[in-house]
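Quick notes on the structure that follows.
Every read-out reported here was derived from the displayed coordinates using simple, explicitly stated rules and does not represent laboratory data. In this text, all values refer to a predicted model and were calculated from it rather than measured experimentally. Please note: Cβ atoms are built from the backbone with ideal geometry, for glycine as well, and neighbour counts cover all protein chains shown.
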Amino acid sequence: MSRAVPRLAGLHVIADDSPDWRLGPVDQARAACEGGAAVVQLRAKHASDGEVLRWAHEIRKLTRDAGLLLMINDRFDLALASGADGVHLGQDDLPLGRLPAEVRERLLVGRSTHSADQLRGARSEAPDYLAFGPVFGTTSKQSEWSPRGLPALREAVALARPHPLIAIGGIDLARLAELRHSGAAGAAVISAVAAAADSTAAVRALCAGWLEAEAAG
């Protein structure tokens, strides 16, 4: 069982630095904190290390005050430097077995997966959680993988056990119930928050939708 199952469950807001969004990553993270999300993941593909670290420090304060976890995408060094709770690694990032001992001791580690074979490989690395997707079609991030769909998500949940699995890709309020009923421990969103006219209200609605789906069983 993961050391962080209770805190990883629920809505993961990916604070993304794409210039397409109305808000920058710090304001996206602020909306996540004010709206009641469980996790903020800082994903920065367009900024210098110095700028990412500055954002991470600002978001760390927001998440600490609100009681959220902060994950840094790809960069365990920036996660350590900013005092984040963890690092989220893609398929092209370091194998978990090659991470320095300090990283495994201090940080939660998640791994993105897109297929059953990747899930099996990632599970053997003993991560704290796994992500799977894209479940639905998405334009928020480029992917060589076609939408996986709900049957593949249900299979992924089973393959990931005992690790919690976070669904990602094309997720909006209307799709939360079917994701929760598929057994996902959480749902990660980008555009559902970053592109919303009121990002804080969007987070509140998503969190409420997730809780309703849980209560419905």
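Take the Cα of Ala47, step 7 Å toward its Cβ, do the same at Ala101, and the gap between the two points is 3.3 nm.
Mean separation of Cα pairs under 8 Å and 6 or more residues apart, divided by the residue count, gives the range 5-216 a relative contact order of 21 percent.
Divide by every residue of the chain the summed helix terms, -39500 (n - 2.57) for each DSSP H run of at least 4, and state the resulting mean residue ellipticity at 222 nm, rounded to the nearest 500 deg cm²/dmol. Please report the intermediate quantities before stating the final value.
Working: 10 runs with 94 residues, N = 217.
The helix-only estimate for the chain comes to -12500 deg cm²/dmol at 222 nm.
Within the chain, the selection of entire DSSP H helices by a Cα span of 24 Å or greater along the long axis and an average Kyte-Doolittle value of at least 0.5 returns 199-216.
Compactness check for the range 176-217: Cα Rg over 2.2 N^0.38 Å is 1.17. Here the Karplus curve 6.51 cos²θ - 1.76 cosθ + 1.60, taken at θ = phi - 60°, turns the phi angles of the range 82-96 into couplings of 8, x, 5, 7, x, 10, 10, 10, x, 5, 8, 8, 4, x, 4 Hz, with x standing for Gly and Pro.
Computed from the Kirkwood radius of its Cα pairs, the Stokes-Einstein diffusion coefficient for the range 1-110 at 10 °C and 1.306 mPa s stands at 114 µm²/s.
Cβ-to-Cβ counts within 10 Å put Arg98, Arg7 in ascending order as Arg98, Arg7, the fewest first.
Measuring max minus min along each principal axis, the C-alpha atoms of the range 5-216 give extents of 42, 41, 31 Å (largest first).
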